[in-house]
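The values are calculated or read from the model by the stated rules, or taken from the named source; none is laboratory data. None of the values given here were measured: they were computed from a predicted structure. With ideal geometry, Cβ positions are generated from the backbone for all residues, glycine too; neighbour counts draw on all protein chains shown. The accessibility values were calculated without ligands, DNA or RNA, using every heavy atom of the protein model including side chains. Shrake-Rupley method; radii C 1.70, N 1.55, O 1.52, S 1.80 Å.
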Amino acid sequence: MRDLILHEQFELEILSRMQSGRLLDALVFTGGTMLRLCHGLDRYSVDLDFWAARAGMDWTTYAHKLGSHLSPHYQIVDAANKRFSLVVELKSAAYPRSLKIEIRKEVRPVKTETSIAYSSNSTVQVFMKTVALDDMMKSKIEAFLTRGEIRDAYDMEFLLKRGVPLEADGKIVKRLLAGLQKLGKKDYSVKLGSLLPPELRQYYRENGFRILTSKLAAKT
């Protein structure tokens, strides 16, 4: 767990450096790390995920600026300017884990808001543009249906508990329920358990996604 606490400090340090270089202006912060740092998601998340905030970006220039701004402070262990995404992986002697930044070049028609990224594990605070929670729920539904990862189910249940509506037709509801049923002991004990504080691990091993499943079952 200490590695994850340090990693969260690393995440905020990188966000702060990106903000100081005006590198966040063209991006929308999204994903599990956004939910944790900006909305109190009670699981750890290890990557920084973004969508493009506007069309027509010169991604070659942006990639060069990003690398030039971060390379004096960190080792860039991987970097790829792909067709649909820009990926950079960073390593620092001060932190045990490497950190991946992934920027999707797609501009999504989502609502955005200005949020503060912060953590009780750090003194750093960063203002940035984030995906609104209603659209974050839609993104998490899409992600779970695409990759079946337990962390996306966890995030859907978190958003439900925050009062965010889960809007899905009958076909999608059945696919979500089927996906939840496929989650096994390893998903709960290892994949999810490794991201949760100790007090939550036992609850999910014993109860699974009771709230999420109940909400979906009521829609069938």
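Inter-label distance, Ser189 to Arg201: 1.1 nm, where each label sits 7 Å from its Cα along the C-beta direction. Round to the nearest 10 and give me the degree value, 0 to 90, for the angle of helix 59-70's Cα axis relative to the longest principal axis of the chain. Its long axis makes an angle of about 80 degrees.
Rg/Rh for the stretch 21-76: what does it come to with C-alpha atoms and Rh from Kirkwood? Ratio of gyration radius to Kirkwood radius: 1.03. Stretched out straight at 0.36 nm per residue, the stretch from Ser20 to His73 would grow longer than its current Cα-Cα span by 17.7 nm.
Given Cα positions, please report Rg to Rh for the stretch 89-215, the hydrodynamic radius being the Kirkwood one. Could you put the intermediate results ahead of the total?
Values: Rg = 16.5 Å, Rh = 16.8 Å.
Rounded to two decimals, Rg/Rh equals 0.98.
Going by alpha carbons, how many degrees (0 to 90, nearest 10) lie between the helix axis of 170-182 and the longest principal axis of the chain? So the inclination is approximately 90 degrees. Within the stretch 44-80, whose backbone N sits under 20 Å from a point 7 Å along Cα→Cβ of Asn121? What the label zone holds, given the 20 Å backbone N cut-off, is 44-50, 74-75.
Grouping the Cα pair distances of the chain into 5 Å bins from zero gives a pair-distance distribution of 1, 6, 14, 18, 19, 17, 12, 8, 4, 1, 0 percent in increasing distance order. Averaged over its residues, the stretch 1-157 has an accessible area of 46 Å² per residue, based on protein heavy atoms and a 1.4 Å probe. Shape index of the stretch 75-116: Rg/Rh, with Rg the Cα radius of gyration and Rh the Kirkwood radius from the inverse mean 1/r over Cα pairs, equals 1.11. The number of Lys pairs in the stretch 140-220 with C-alpha atoms less than 20 Å apart, excluding pairs fewer than 8 positions apart on the same chain, is 18. Springs between alpha-carbon pairs under 10 angstrom, Gaussian network model over the chain: which of Leu192, Leu177, Leu90 fluctuates most? Taking springs between Cα atoms under 10 Å, the residue moving most is Leu177.
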